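Handing you a structure now.
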Amino acid sequence: MEADPTRVNRVLVGLGPGVEVVGVVDRAGRPLGVHVRLGGDRPCCGSCGRRAWSKGSRCVVLVDLPVFGRPVRLVWHKRRWRCPDAACAVGSWTEQDSRIGAARGLLTARAARWATRQAGAGRDIAAVAAELGCGWHTVMASVRRWGEALLNADRGRLDGVTALGMDEILVVRRGRYRRKTWATTAVDVRRGRLLDVFPGRTANAAAAWLRSRPPGWRRAVRWAVLDLSGPYRKAFGDALAHARQVADPFHVVRLANSVLDEVRRRVQNDTLGGRGTKHDPLYRIRKLLVMAKERVARAGQAKLQGLLAAGDPHGEVRDAWLAKEAVRDIYQVPTRRWATAALDELARDLQDDAYSPELNRLGRTLAAWRPQITNWHASRATNGPTEAANNLAKRVKRVAFGFTNFDNFRIRALLYAGKPDWTLLKTLTPP
């Protein structure tokens, strides 16, 4: 058992050898003030090597981890030094110690690391700040600084990407008219890792981000996964031309379902003179129409056929339903060659004048995205992990009650969904 009071104080403060505890200030209703200073001899000038002269000291107050349920302020008596040679370029300096805190930091090193881990776990920064007994902005500034240092140190986090997915995400609504500010998430869809979040959802923004990657990194990407987005298709084509683009199957089938719903609403309006009600035939089967055929029970199939006969006099809704099922069947074909033949035939048939304008448009879209749709059969890559990463980023937004600062949003999202190597955090100090 340690009995020396000086040694006991050093153990409780826990900053290691060389850090001396000067004293503790305990005032009612105030954080506990722990005063420390560095021991050791006078340092030498880093330029000329001469023994430094003292210029006194100044107190720097840092937010520390709470102790025994009380917030703590670490008061560091920093010694100031100057070179005795007036002609030396070094002049004067203040001592630093990464064990205590980073230069120009607001939190101690251990408090900043703890707060960064809490942000990576998805906790609300306001709750973390309340636990430390300081302001939200103080904690967020440290989290952003230490989080950026961690992401920069974890160089292997972006390596080994063979399938890259991109999708848009809404960051914030600004101003009187709630103008939307968008960003783009880049995700390694094989490993489900959020790689980066950058402002904008245009082709130029996405292409600029891709061109900022090292050439070797870009060459390793074989598949570029996207929803049916024109800007991302152009960005991949401009900056990642060698990669084969893959259209996400969910979005392709959803497009067919949207066309089916458009046809149903138009036919409903034409036959009944207005929007449908719960008693109208087509309205009663609106959910059955967009369900997968094999998931509809026998009773549901009978209901579907009967109400189609009652509410679809020209068979337009039936044609759209069959087209939707034909699009789904493309993903049941085992090879890309057969899928391409099936897609070509379907796109050609849907563009026939005998079909409705909505189905003609669907046929043109399928023809325009033919390589991207059929590339799925070769890659089996989807944008599902990208959507999952977006959901995690949105969870961070909900916990924080929204963001107005993009940098704060980016760091929080990457710490939570970017899967950094957290073991590096204890070994680094921000510059």
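Given contacts defined as C-alpha pairs under 8 Å and at least six residues apart, what's the relative contact order of segment 248-383, whole-number percent? Display every interim value, and only then the final one.
Details: 136 pairs, mean separation 38.3, N = 136.
This gives 28 percent for segment 248-383.
I've got another one for you. Let me know the Kirkwood hydrodynamic radius for segment 99-151, please, with Cα pairs as the basis and the value in Å to one decimal. Don't skip to the answer; put the middle values down first.
On the way: mean 1/r = 0.0930 Å⁻¹.
That comes to 10.8 Å for segment 99-151.
Leaving ligands, DNA and RNA out of it, rank LYS234, LYS324, LYS278 by accessible area with a 1.4 Å probe, largest first. Could the numbers behind the result be given before it?
On the way: LYS234 105, LYS324 0, LYS278 145 Å².
Listed by decreasing accessible area, they come as LYS278, LYS234, LYS324.
Once the Cα atoms of segment 60-169 are picked out, what are the Rg and Dmax in Å?
When restricted to the Cα atoms of segment 60-169, Rg and Dmax are 18.6, 60 Å.
Estimate the FRET efficiency between ALA153 and ASN269 by the formula 1/(1 + (r/R0)^6), using the beta-carbon distance for r and 56 Å for R0, to the nearest 0.05.
About 0.40, to the nearest 0.05.
Which lysines, on any chain, are close to LYS78 with Cα under 30 Å apart, when same-chain ones fewer than 8 places away are left out?
LYS55, LYS426
Another question, if that's okay. Any chance you could get the radius of gyration and Dmax over the Cα atoms of the chain, in Å?
Over the chain's Cα set, Rg and Dmax evaluate to 31.1, 100 Å.
How many nm is it between the label spots at LYS287 and ARG191, if each spot is 7 Å from the Cα in line with the beta carbon?
4.1 nm
Then there's this: Just want to confirm a number: the relative contact order over the chain, from Cα pairs under 8 angstrom separated by 6+ residues, in percent. Each step should come with its number before you reach the end.
Details: 693 pairs, mean separation 66.8, N = 431.
With pairs under 8 Å counted, the relative contact order is 16 percent.
Which value in nm describes the separation of the simple spin-label points at ARG82 and ALA388, placed 7 Å from the Cα toward the beta carbon?
Going by the 7 Å Cα→Cβ label model, 6.1 nm.
Something else: Go ahead and run the numbers for FRET between THR277 and ARG173, Cβ-Cβ distance against an R0 of 25 Å, rounding to 0.05.
On the way: r = 34 Å, r/R0 = 1.36.
The calculated FRET efficiency here is 0.15.
At R0 = 60 Å, how high is the FRET efficiency between ALA368 and ASP41 if r is their beta carbon distance? Nearest 0.05 is fine.
Values: r = 75 Å, r/R0 = 1.25.
The calculated FRET efficiency here is 0.20.
Could you look at segment 287-327 and say what percent of its accessible area is carbon and sulfur, using a 1.4 Å probe and all protein chains?
Working: 1270 of 2260 Å².
Carbon and sulfur: 56 percent of the exposed surface of segment 287-327.
How far, in nm, would the chain grow between GLU294 and LEU322 when pulled straight, counting 0.36 nm per residue and subtracting the alpha carbon separation? Spell out each step's value before the answer.
Details: separation 28, 0.36 × 28 = 10.08 nm, distance 1.31 nm.
Extra length from GLU294 to LEU322 when fully extended: 8.8 nm.
The values are calculated or read from the model by the stated rules, or taken from the named source; none is laboratory data. Please read all numbers here as calculations on a predicted model, not as lab measurements. Here the Cβ is made from the backbone with ideal geometry for all residues, glycine too, and neighbour counts use every protein chain on show. Protein only, heavy atoms only, side chains kept; ligands, DNA and RNA dropped before computing areas. Shrake-Rupley method; radii C 1.70, N 1.55, O 1.52, S 1.80 Å.
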